[in-house]
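Student: Handing you this structure, nothing more for now.
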Amino acid sequence: MAINDGMTVYRLITDGGVFFFDAKQFDVESLQRQLHHGDTVLIGAHRLRDGSAWLHWISDADNRVWAAEPVRRRWLPSFALALCWVPIAIALMLPGTVNLGWSLLRILLFASAAGTLGWSLYRLLLECHPGRRRLWAALDGLRNGRQPALSAPPSYASAPDLALADGVYDGMGLLQGPLSYVGVVSRTYGSGRHSFTMDEYQLRCSGETFHLRAGAWDWLRMIDPVLIRRQPVFLAEGDRVVLLTSMCDGEVRGLLNHSDGNAHIVYKGTPHTPMGRRIVLGLAAFIPVFFSVLMLSFEVYGWYDRGVGPDYWDWIGLLQFGGTVLLMLMLLIGGVALIGERFHHGYYRKRAHPPIERILGIAFQWRLRQRRSPTVNEMF
């Protein structure tokens, strides 16, 4: 499936499951030329949340291997980690006079040291990732003539047809059929200065045209492949799908793909979404940690400025003051969040809700009838 920003994702369907991979990490021309329908392959991949998998390497019966191991300078993270203290040392050697220029330079040096430390730790932790190490240890053994330990493929049933016929069911539209066209188009919303352009997928099913947002692919570019856990939205011409739409606006709210057994849900127009809950919980965990580190850094700088190390009473005072500030901060944030949630809930309660509960129920039951987990992919 070609993406407009230059990214192309491929889907490999086998009797052992569905696998996805980025075309830039493989020699796709060689794969298409040398792999054929019915071939027996050996695959190294990690499972995604919905039961499909992200492919890292593949070998055929002739022991030809295609691997997605990116070429990196393995020494660079260790080198950056060893030198990240240099900006801190330079900042501490700067004149101690109160001057805006020197202060800004110190802040810049400390920020660069923190960024270098974070990046190097991230790359080193990826190199030590247990899943990555198992995958590449198995690949090294395969290249050296040792058969790796194989996992049993999941036992899935074929995707069942829905008992409902095409039509409208109490605010929900249902349409089943093969996709005759899949493409990416740019649509403009609004007018004048308030207009904006968004890339969307254009689908044709049973002679009708539908649109889905294309922004859901952006997350694949932001993280290392071994960290991917959410299954990408993949659609191809010829896929037999079920489209579940909201009759209040005609937009697609649910998509069931018979070709790979995956289900996708759009929560637009609903007050609470899984992605929204994850963002709120992440912010709730980040705020106290951030302010704790901030207060600790101020205290450490004060101790350094005095030229003496902290004693027992300094630590007791820090814990008492920090605990009081954090308690007041969390009470304030909790009160503001409660007021905002009430306004948020009241706003959506007065709107015409799409039948998201019915769509979710259909998607969950459809997945369970395939003997899969009740996991659906959230589109946003």
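The values are calculated or read from the model by the stated rules, or taken from the named source; none is laboratory data. This structure is a prediction, so every number in the text was calculated from the model and none was measured. Every residue, glycine among them, receives a Cβ derived from its backbone with ideal geometry; neighbour counts consider all protein chains shown. When the accessible area is computed, the model is the full protein with side chains, heavy atoms only, and any ligands, DNA or RNA have been set aside. Shrake-Rupley method; radii C 1.70, N 1.55, O 1.52, S 1.80 Å.
Student: Please go through segment 12-52 and pick out each residue that is farther than 16 Å from Val226 by Cα, in contact with a Pro (Cβ under 9 Å, 6 or more places away or on another chain) and not β-branched (Val, Ile, Thr).
Tutor: Scanning segment 12-52 gives Asp15, Gly16, Gly17, Leu42.
Student: Same structure again: For segment 106-132, which positions are touching a strand residue (DSSP E or B) at 6+ places or on another chain (Cβ under 9 Å), loosely packed, with under 14 Cβ neighbours inside 10 Å and not small (Gly, Ala, Ser)?
Tutor: Listed by number, the list is empty, since nothing qualifies.
Student: Which of the residues that make up segment 20-44 are closer than 20 Å to Ser259 by Cβ and either polar (S, T, N, Q) or touching a residue at least 40 places away in the same chain (Cβ under 8 Å) (or both)?
Tutor: Across segment 20-44, the qualifying residues are Phe20, Phe21, Asp22, Gln32.
Student: Can you report the number of residues in segment 127-144 which are assigned to a loop (DSSP other than H, G, I, E, B) and at pLDDT 85 or above?
Tutor: Number satisfying all stated conditions: 2.
Student: Still on this model: Among the residues of segment 274-289, count how many are over 21 Å from Met379 (Cα atoms) and either touching a strand residue (DSSP E or B) at 6+ places or on another chain (Cβ under 7 Å) or exposed (fewer than 11 other Cβ atoms within 10 Å of the Cβ) (or both).
Tutor: 3
Student: With respect to Glu299, is the statement that it is open to solvent by 30 Å² or more (accessible area, probe 1.4 Å), at negative phi and modelled with pLDDT of 80 or more true?
Tutor: When the stated conditions are applied, Glu299 does not pass them.
Student: Hey, does segment 258-269 have a residue that's assigned to a loop (DSSP other than H, G, I, E, B), under 30 Å from Ile333 (Cβ atoms) and open to solvent by less than 60 Å² (accessible area, probe 1.4 Å)?
Tutor: The answer is yes; a qualifying residue exists.
Student: Applying the selection to segment 133-156, what residues are touching a Pro at 6+ places or on another chain (Cβ under 9 Å) and surrounded by 15 or more Cβ atoms within 10 Å (Cβ to Cβ)?
Tutor: Those that are touching a Pro at 6+ places or on another chain (Cβ under 9 Å) and surrounded by 15 or more Cβ atoms within 10 Å (Cβ to Cβ): Ala138, Leu139, Leu142.
Student: In this structure, is Ile223 modelled with pLDDT under 85 and either open to solvent by 50 Å² or more (accessible area, probe 1.4 Å) or under 17 Å from the mean Cα position of the chain (by Cα) (or both)?
Tutor: Spelling it out, Ile223 is indeed modelled with pLDDT under 85 and either open to solvent by 50 Å² or more (accessible area, probe 1.4 Å) or under 17 Å from the mean Cα position of the chain (by Cα) (or both).
Student: A follow-up question, please. When the residues of segment 356-373 are narrowed to those that are among the charged types (D, E, K, R) and open to solvent by 50 Å² or more (accessible area, probe 1.4 Å), which ends up modelled with the lowest pLDDT?
Tutor: Glu357
Student: Does segment 157-164 contain any residue that is open to solvent by 30 Å² or more (accessible area, probe 1.4 Å), small (Gly, Ala, Ser) and on the phi > 0 side of the Ramachandran plot?
Tutor: Within segment 157-164, not a single residue is open to solvent by 30 Å² or more (accessible area, probe 1.4 Å), small (Gly, Ala, Ser) and on the phi > 0 side of the Ramachandran plot.
Student: When residues of segment 158-188 are filtered for being hydroxyl-bearing (Ser, Thr, Tyr) and touching a Phe, Trp or Tyr at 6+ places or on another chain (Cβ under 9 Å), how many remain?
Tutor: 1
Student: Under 7 Å by Cβ, and 6 or more places apart or on different chains, what pairs join a residue from segment 324-340 that is in a helix (DSSP H, G or I) with one that is open to solvent by less than 50 Å² (accessible area, probe 1.4 Å)?
Tutor: Val325/Met295; Leu326/Pro288; Leu326/Ser292; Met330/Pro288; Ile333/Ile287
Student: Now, a different point. What single numbered condition from (1) over 29 Å from Arg49 (Cα atoms); (2) free of Cβ contacts under 8 Å to residues at least 40 places away in the same chain fails to hold for Leu283?
Tutor: So Leu283 meets the others, but not (1).
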